[in-house]
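For reference, the structure is listed below as structure tokens.
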């Protein structure tokens, strides 16, 4: 079977992957972009579900949510982006199992198909990216990092009520508790919808999630309601609907909200989180330079990875500021000293080389001189040292 050929393949149809695709399409409509998603939906760690409420049915977020409420739920953001990049370019139920690359191409394999492309953006969480087979193998620092970044465990629940009785009693609905054998949740908030349907949202997370996830759903619900009665009054027992989502049981998520680094990784291995590996670039909220772990971070990471790809495939469409920012972000470590190690992620600079202090200084001087020169620049001149 002949493999389909694309310019860019994006692994993951969450906010980060779709934001990357949208920016790529916006900058160069001629690019052939394919998005591969293992789930049967777009949205990644955002999902909005309709459940019974006081006025019939209403929609709430059972995954990530913005600091501001979005009428209809945050999954709409991914739905809208998917429409803009073209639904025909998004293939659901297409989990990536392997990525092979050489100097010219990358080959991406799913359980049913094989695709060729010039660049890959992997946006799935680090613990899932680590399950993909890479050939040649990824650098040892990247491998060690992703194998040592466990994902959190969180169960999110929504309870709908006939009225927001807590407000009538002068309460906010916010409860913060410590770890307890009787109370499953650690925090709750008012989640009354924009349509006026009363609801509370709560989170069973960390140690509590580990303890309570093995119990029957009915037992968990009973304990949640009992605790709400304790804090908010007997009205909490008279609910319309209770719905929960255990993200540890979600296929192609395996946990929520984000991956965390084991002690020492941030100090010694953090640069590998964003450092491209040949034709493979990394996105996802964990790789964000701002708002890491948030939805805003997912968008920023996707756009950053898209700019990296554009710098390789069609650099002349980038502004001078974007070219400079892309290269600046690519330099992850420069240790000046005799025999020091230069670590760069941009293929236009050197990869990992041992050099004397004088050579390092010369490269750095040329690099920053290049960044401050007026007018369009050609990257190769940086390498002529």
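The values are calculated or read from the model by the stated rules, or taken from the named source; none is laboratory data. Here the structure is a predicted model, which means the values were calculated and not measured. Heads up, the Cβs are rebuilt from the backbone with ideal geometry, glycines too, and the neighbour counts pull from every protein chain shown.
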Qualifying residue in the stretch 52-62 (condition: crowded, with 22+ Cβ neighbours inside 10 Å and assigned by TED's automatic domain parsing to the domain that holds residue 302): no
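Per-residue answers, yes or no, for (1) touching a residue at least 60 places away in the same chain (Cβ under 8 Å); (2) in contact with a strand residue (DSSP E or B) (Cβ under 9 Å, 6 or more places away or on another chain); (3) part of a strand (DSSP E or B):
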{"site": "9", "(1), (2), (3)": "yes, yes, yes"}
{"site": "21", "(1), (2), (3)": "yes, yes, no"}
{"site": "25", "(1), (2), (3)": "yes, yes, no"}
{"site": "39", "(1), (2), (3)": "yes, no, no"}
{"site": "42", "(1), (2), (3)": "no, yes, no"}
{"site": "45", "(1), (2), (3)": "yes, no, no"}
{"site": "66", "(1), (2), (3)": "yes, no, no"}
Could you say whether any residue in the stretch 291-303 is assigned by TED's automatic domain parsing to the domain that holds residue 19, touching a helix residue (DSSP H, G or I) at 6+ places or on another chain (Cβ under 8 Å), on the phi > 0 side of the Ramachandran plot and not in a helix (DSSP H, G or I)? yes
Subset of the stretch 75-122, residues assigned to a strand (DSSP E or B), closer than 13 Å to residue 37 by Cα and touching a residue at least 60 places away in the same chain (Cβ under 8 Å), comes to 90, 96, 108, 110, 121, 122
Those residues of the stretch 176-224 which are surrounded by 14 or more Cβ atoms within 10 Å (Cβ to Cβ), in contact with a helix residue (DSSP H, G or I) (Cβ under 6 Å, 6 or more places away or on another chain) and over 13 Å from residue 156 (Cα atoms), in sequence order: 183
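Among the residues of the stretch 223-244, is any modelled with pLDDT under 90 and in a helix (DSSP H, G or I)? Please lay out each step first, then the result.
Initial filter on the stretch 223-244 (modelled with pLDDT under 90): none.
The answer is no; no qualifying residue exists.
Among the candidates 47, 8, which residue alone is within 20 Å of residue 297 (Cβ to Cβ), buried (at least 18 other Cβ atoms within 10 Å of the Cβ) and under 20 Å from the mean Cα position of the chain (by Cα)?
Details: 8 fails: within 20 Å of residue 297 (Cβ to Cβ).
Checking each option against the conditions leaves just 47.
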